[in-house]
Amino acid sequence: MAELTALESLIEMGFPRGRAEKALALTGNQGIEAAMDWLMEHEDDPDVDEPLETPLGHILGREPTSSEQGGLEGSGSAAGEGKPVLSEEERQEQTKRMLELVAQKQREREEREEREALERERQRRRQGQELSAARQRLQEDEMRRAAEERRKEKAEELAARQRVREKIERDKAERAKKYGGSVGSQPPPPAPEPGPVPSSPSQEPPTKREYDQCRIQVRLPDGTSLTQTFRAREQLAAVRLYVELHRGEEPGGGQDPVQLLSGFPRRAFSEADMERPLQELGLVPSAVLIVAKKCPS
(Lines give C-alpha, C1' and ligand atoms only; values in the text may rest on other atoms or scores of the structure.)
Protein backbone atom coordinates (compact mmCIF):
# COMPACT_ATOMS: atom_id res chain seq x y z
CA MET A 1 0.00 0.00 0.00
CA ALA A 2 1.38 3.37 -1.00
CA GLU A 3 2.10 6.16 1.50
CA LEU A 4 -0.62 8.77 1.89
CA THR A 5 -0.02 12.04 0.08
CA ALA A 6 -0.40 15.39 1.84
CA LEU A 7 -3.81 15.90 0.22
CA GLU A 8 -4.99 12.44 1.22
CA SER A 9 -3.73 12.94 4.77
CA LEU A 10 -5.66 16.19 5.10
CA ILE A 11 -8.80 14.57 3.70
CA GLU A 12 -8.28 11.60 6.03
CA MET A 13 -8.18 14.05 8.98
CA GLY A 14 -11.61 15.38 8.02
CA PHE A 15 -10.82 18.52 5.99
CA PRO A 16 -12.91 19.08 2.84
CA ARG A 17 -11.05 18.30 -0.37
CA GLY A 18 -11.45 21.81 -1.78
CA ARG A 19 -10.05 23.41 1.36
CA ALA A 20 -7.17 20.93 1.53
CA GLU A 21 -6.19 21.59 -2.11
CA LYS A 22 -6.41 25.33 -1.56
CA ALA A 23 -4.31 25.17 1.62
CA LEU A 24 -1.57 23.13 -0.05
CA ALA A 25 -1.50 25.43 -3.07
CA LEU A 26 -1.39 28.67 -1.06
CA THR A 27 1.35 27.38 1.27
CA GLY A 28 3.55 26.30 -1.66
CA ASN A 29 3.12 22.61 -0.86
CA GLN A 30 5.46 22.97 2.14
CA GLY A 31 3.91 20.11 4.05
CA ILE A 32 0.95 19.10 6.12
CA GLU A 33 1.76 21.38 9.10
CA ALA A 34 1.87 24.52 6.95
CA ALA A 35 -1.37 23.51 5.24
CA MET A 36 -3.04 22.79 8.60
CA ASP A 37 -1.89 26.15 9.98
CA TRP A 38 -3.48 27.87 7.01
CA LEU A 39 -6.70 25.86 7.40
CA MET A 40 -6.92 26.69 11.12
CA GLU A 41 -6.27 30.36 10.53
CA HIS A 42 -8.71 30.77 7.62
CA GLU A 43 -11.49 28.34 8.50
CA ASP A 44 -13.86 31.23 9.30
CA ASP A 45 -13.11 33.16 6.10
CA PRO A 46 -16.24 33.60 3.93
CA ASP A 47 -14.34 32.58 0.77
CA VAL A 48 -12.48 29.61 2.24
CA ASP A 49 -14.46 27.15 0.10
CA GLU A 50 -14.04 29.05 -3.18
CA PRO A 51 -11.74 27.09 -5.53
CA LEU A 52 -8.56 28.49 -6.98
CA GLU A 53 -8.52 29.27 -10.70
CA THR A 54 -4.99 27.99 -11.25
CA PRO A 55 -4.79 24.22 -11.91
CA LEU A 56 -3.29 22.54 -8.92
CA GLY A 57 -1.66 19.50 -10.58
CA HIS A 58 0.93 17.60 -8.59
CA ILE A 59 1.33 20.51 -6.18
CA LEU A 60 -1.72 19.30 -4.32
CA GLY A 61 -0.54 15.72 -4.21
CA ARG A 62 -3.21 14.35 -6.53
CA GLU A 63 -2.61 11.95 -9.42
CA PRO A 64 -1.88 13.60 -12.84
CA THR A 65 -4.49 13.50 -15.58
CA SER A 66 -4.10 11.44 -18.75
CA SER A 67 -2.67 14.45 -20.59
CA GLU A 68 -0.14 14.98 -17.85
CA GLN A 69 0.85 11.34 -17.71
CA GLY A 70 2.46 11.53 -21.18
CA GLY A 71 5.08 14.07 -20.17
CA LEU A 72 5.68 12.56 -16.78
CA GLU A 73 5.53 8.87 -17.67
CA GLY A 74 9.16 8.14 -17.23
CA SER A 75 9.84 10.17 -14.12
CA GLY A 76 6.42 9.40 -12.66
CA SER A 77 6.77 5.69 -13.01
CA ALA A 78 10.20 5.81 -11.49
CA ALA A 79 8.96 7.89 -8.57
CA GLY A 80 5.97 5.64 -8.12
CA GLU A 81 8.20 2.60 -8.00
CA GLY A 82 10.36 4.27 -5.35
CA LYS A 83 7.55 4.88 -2.84
CA PRO A 84 7.70 2.67 0.21
CA VAL A 85 4.72 0.48 0.88
CA LEU A 86 2.96 1.07 4.23
CA SER A 87 1.02 -1.54 6.08
CA GLU A 88 -2.42 -0.88 7.50
CA GLU A 89 -0.94 -0.42 11.00
CA GLU A 90 1.62 2.08 9.71
CA ARG A 91 -1.08 3.95 7.87
CA GLN A 92 -3.22 4.08 11.01
CA GLU A 93 -0.21 5.27 13.01
CA GLN A 94 0.46 7.99 10.47
CA THR A 95 -3.19 9.05 10.61
CA LYS A 96 -3.05 9.07 14.42
CA ARG A 97 0.01 11.33 14.34
CA MET A 98 -1.75 13.65 11.94
CA LEU A 99 -4.84 13.80 14.19
CA GLU A 100 -2.63 14.52 17.20
CA LEU A 101 -1.00 17.28 15.21
CA VAL A 102 -4.42 18.66 14.32
CA ALA A 103 -5.46 18.54 17.98
CA GLN A 104 -2.25 20.30 18.98
CA LYS A 105 -2.84 23.00 16.39
CA GLN A 106 -6.40 23.34 17.64
CA ARG A 107 -5.19 23.74 21.23
CA GLU A 108 -2.62 26.30 20.15
CA ARG A 109 -5.30 28.18 18.29
CA GLU A 110 -7.67 28.08 21.27
CA GLU A 111 -4.89 29.30 23.57
CA ARG A 112 -4.10 32.12 21.14
CA GLU A 113 -7.76 33.08 20.90
CA GLU A 114 -8.03 32.96 24.70
CA ARG A 115 -5.02 35.26 25.05
CA GLU A 116 -6.50 37.60 22.47
CA ALA A 117 -9.85 37.54 24.31
CA LEU A 118 -8.10 38.32 27.60
CA GLU A 119 -6.23 41.18 25.96
CA ARG A 120 -9.48 42.54 24.49
CA GLU A 121 -11.11 42.28 27.93
CA ARG A 122 -8.18 44.14 29.53
CA GLN A 123 -8.48 46.85 26.90
CA ARG A 124 -12.23 47.03 27.45
CA ARG A 125 -11.78 47.36 31.20
CA ARG A 126 -9.04 49.94 30.77
CA GLN A 127 -11.25 51.96 28.43
CA GLY A 128 -14.14 51.60 30.88
CA GLN A 129 -11.95 52.84 33.74
CA GLU A 130 -10.78 55.78 31.66
CA LEU A 131 -14.37 56.59 30.71
CA SER A 132 -15.47 56.31 34.35
CA ALA A 133 -12.61 58.56 35.47
CA ALA A 134 -13.51 61.11 32.79
CA ARG A 135 -17.17 60.99 33.85
CA GLN A 136 -16.17 61.44 37.50
CA ARG A 137 -13.97 64.42 36.63
CA LEU A 138 -16.86 65.94 34.70
CA GLN A 139 -19.22 65.43 37.66
CA GLU A 140 -16.67 66.97 40.04
CA ASP A 141 -16.28 69.97 37.74
CA GLU A 142 -20.06 70.39 37.61
CA MET A 143 -20.30 70.11 41.41
CA ARG A 144 -17.57 72.73 41.82
CA ARG A 145 -19.34 75.06 39.42
CA ALA A 146 -22.66 74.52 41.20
CA ALA A 147 -21.03 75.18 44.60
CA GLU A 148 -19.43 78.35 43.25
CA GLU A 149 -22.79 79.50 41.91
CA ARG A 150 -24.41 78.84 45.30
CA ARG A 151 -21.65 80.79 47.05
CA LYS A 152 -22.16 83.71 44.71
CA GLU A 153 -25.94 83.62 45.17
CA LYS A 154 -25.55 83.43 48.95
CA ALA A 155 -23.11 86.34 48.95
CA GLU A 156 -25.53 88.40 46.84
CA GLU A 157 -28.42 87.46 49.14
CA LEU A 158 -26.44 88.42 52.25
CA ALA A 159 -25.48 91.71 50.63
CA ALA A 160 -29.12 92.40 49.77
CA ARG A 161 -30.20 91.61 53.34
CA GLN A 162 -27.48 93.86 54.69
CA ARG A 163 -28.72 96.70 52.49
CA VAL A 164 -32.27 96.14 53.74
CA ARG A 165 -31.10 96.13 57.37
CA GLU A 166 -29.17 99.34 56.84
CA LYS A 167 -32.22 100.94 55.28
CA ILE A 168 -34.39 99.82 58.22
CA GLU A 169 -31.86 101.20 60.70
CA ARG A 170 -31.81 104.51 58.84
CA ASP A 171 -35.60 104.65 58.85
CA LYS A 172 -35.68 103.83 62.56
CA ALA A 173 -33.13 106.52 63.30
CA GLU A 174 -35.11 109.08 61.31
CA ARG A 175 -38.34 108.18 63.13
CA ALA A 176 -36.61 108.29 66.51
CA LYS A 177 -35.17 111.69 65.69
CA LYS A 178 -38.55 112.93 64.50
CA TYR A 179 -40.46 111.76 67.58
CA GLY A 180 -37.95 112.78 70.24
CA GLY A 181 -35.78 109.75 70.89
CA SER A 182 -36.37 106.23 72.07
CA VAL A 183 -39.50 105.39 74.00
CA GLY A 184 -38.44 102.06 75.37
CA SER A 185 -36.39 103.24 78.38
CA GLN A 186 -39.21 104.51 80.61
CA PRO A 187 -39.79 102.55 83.82
CA PRO A 188 -43.21 101.02 84.39
CA PRO A 189 -45.48 103.14 86.60
CA PRO A 190 -46.27 102.10 90.16
CA ALA A 191 -49.48 100.20 90.63
CA PRO A 192 -52.29 102.67 91.38
CA GLU A 193 -53.61 102.56 94.90
CA PRO A 194 -57.21 101.42 95.11
CA GLY A 195 -59.66 104.23 95.84
CA PRO A 196 -61.98 104.26 98.80
CA VAL A 197 -64.96 101.96 98.54
CA PRO A 198 -68.22 103.83 99.14
CA SER A 199 -69.91 102.61 102.28
CA SER A 200 -73.37 103.50 101.16
CA PRO A 201 -75.24 104.77 98.11
CA SER A 202 -75.51 108.15 99.74
CA GLN A 203 -71.71 108.55 99.83
CA GLU A 204 -70.29 110.79 97.10
CA PRO A 205 -68.46 109.04 94.15
CA PRO A 206 -64.69 109.45 94.02
CA THR A 207 -63.33 112.21 91.91
CA LYS A 208 -61.81 111.28 88.54
CA ARG A 209 -58.02 110.81 88.70
CA GLU A 210 -55.62 112.40 86.31
CA TYR A 211 -53.03 109.90 84.99
CA ASP A 212 -49.60 110.96 83.80
CA GLN A 213 -48.75 107.54 82.33
CA CYS A 214 -50.53 104.75 80.53
CA ARG A 215 -49.76 101.09 80.06
CA ILE A 216 -50.12 99.81 76.45
CA GLN A 217 -50.21 96.13 75.48
CA VAL A 218 -49.66 95.49 71.76
CA ARG A 219 -50.63 92.19 70.17
CA LEU A 220 -48.52 91.22 67.15
CA PRO A 221 -49.78 89.21 64.14
CA ASP A 222 -47.69 86.14 65.13
CA GLY A 223 -49.53 85.84 68.48
CA THR A 224 -46.86 87.43 70.68
CA SER A 225 -47.35 90.68 72.52
CA LEU A 226 -45.37 93.73 73.69
CA THR A 227 -46.08 95.70 76.82
CA GLN A 228 -44.71 99.18 77.49
CA THR A 229 -45.55 102.24 79.57
CA PHE A 230 -45.84 105.64 77.84
CA ARG A 231 -46.52 109.18 79.02
CA ALA A 232 -50.15 110.14 78.76
CA ARG A 233 -49.34 113.12 76.56
CA GLU A 234 -47.13 111.18 74.14
CA GLN A 235 -48.42 110.83 70.61
CA LEU A 236 -49.72 107.54 69.25
CA ALA A 237 -46.82 107.65 66.76
CA ALA A 238 -44.47 106.86 69.66
CA VAL A 239 -46.32 103.57 70.21
CA ARG A 240 -46.06 102.70 66.52
CA LEU A 241 -42.34 103.48 66.55
CA TYR A 242 -41.87 101.26 69.59
CA VAL A 243 -43.63 98.39 67.80
CA GLU A 244 -41.52 98.79 64.68
CA LEU A 245 -38.34 98.82 66.75
CA HIS A 246 -39.19 95.72 68.80
CA ARG A 247 -41.36 93.46 66.66
CA GLY A 248 -38.36 91.76 65.01
CA GLU A 249 -37.53 91.22 61.38
CA GLU A 250 -39.93 89.30 59.21
CA PRO A 251 -38.79 86.43 56.94
CA GLY A 252 -37.45 87.77 53.67
CA GLY A 253 -35.59 90.70 55.19
CA GLY A 254 -38.27 93.35 54.59
CA GLN A 255 -40.40 95.28 57.10
CA ASP A 256 -43.87 96.44 56.08
CA PRO A 257 -45.47 99.43 57.75
CA VAL A 258 -48.02 98.59 60.44
CA GLN A 259 -51.45 99.85 61.37
CA LEU A 260 -52.74 100.03 64.94
CA LEU A 261 -56.25 98.93 65.87
CA SER A 262 -58.08 99.19 69.17
CA GLY A 263 -59.64 96.03 70.56
CA PHE A 264 -62.99 97.30 71.90
CA PRO A 265 -64.60 99.24 70.52
CA ARG A 266 -62.81 98.23 67.33
CA ARG A 267 -61.21 101.20 65.68
CA ALA A 268 -58.47 101.67 63.09
CA PHE A 269 -56.21 104.61 63.86
CA SER A 270 -55.41 106.83 60.90
CA GLU A 271 -52.26 108.83 60.13
CA ALA A 272 -53.97 111.90 61.63
CA ASP A 273 -54.45 109.95 64.88
CA MET A 274 -50.70 109.34 65.03
CA GLU A 275 -50.17 113.01 65.90
CA ARG A 276 -52.72 112.94 68.78
CA PRO A 277 -51.73 112.21 72.41
CA LEU A 278 -52.70 108.93 74.04
CA GLN A 279 -54.82 110.73 76.65
CA GLU A 280 -56.93 112.35 73.97
CA LEU A 281 -57.47 109.01 72.20
CA GLY A 282 -58.87 107.42 75.37
CA LEU A 283 -55.96 104.99 75.86
CA VAL A 284 -55.20 106.12 79.46
CA PRO A 285 -54.51 104.51 81.95
CA SER A 286 -54.22 101.26 79.95
CA ALA A 287 -55.25 99.85 76.60
CA VAL A 288 -54.82 96.89 74.30
CA LEU A 289 -53.86 97.57 70.69
CA ILE A 290 -53.67 95.16 67.76
CA VAL A 291 -51.03 95.38 65.03
CA ALA A 292 -52.19 94.75 61.48
CA LYS A 293 -50.09 94.93 58.35
CA LYS A 294 -50.63 98.16 56.53
CA CYS A 295 -50.91 97.95 52.78
CA PRO A 296 -48.50 100.42 51.18
CA SER A 297 -50.23 103.27 49.44
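The values are calculated or read from the model by the stated rules, or taken from the named source; none is laboratory data. Computed from a prediction, not measured in an experiment: that's the story for all the values here. Note that each Cβ is placed from the backbone with ideal geometry, even for glycine, and that neighbours are counted across all protein chains shown. Only protein heavy atoms, including side chains, enter the accessible area calculation; ligands, DNA and RNA are left aside. Shrake-Rupley method; radii C 1.70, N 1.55, O 1.52, S 1.80 Å.
Tell me whether segment 101-119 contains one or more residues that are touching a residue at least 12 places away in the same chain (Cβ under 8 Å), open to solvent by less than 60 Å² (accessible area, probe 1.4 Å), among the aliphatic types (A, V, I, L, M) and not in a helix (DSSP H, G or I).
no
Collect the residues in segment 12-29 that are surrounded by fewer than 17 Cβ atoms within 10 Å (Cβ to Cβ), at pLDDT 85 or above and closer than 25 Å to residue 110 by Cα, keeping them in residue-number order.
Selection gives 16, 17, 18, 26.
Check 284, 291 and return the single one that is assigned to a loop (DSSP other than H, G, I, E, B), open to solvent by less than 50 Å² (accessible area, probe 1.4 Å) and at pLDDT 85 or above.
Step by step, each of 284, 291 is checked, and only 284 is assigned to a loop (DSSP other than H, G, I, E, B), open to solvent by less than 50 Å² (accessible area, probe 1.4 Å) and at pLDDT 85 or above.
Output yes when any residue across segment 195-204 is among the hydrophobic types (A, V, I, L, M, F, W, C) and at pLDDT below 90, and no when none is.
Yes: segment 195-204 contains one or more residues that are among the hydrophobic types (A, V, I, L, M, F, W, C) and at pLDDT below 90.
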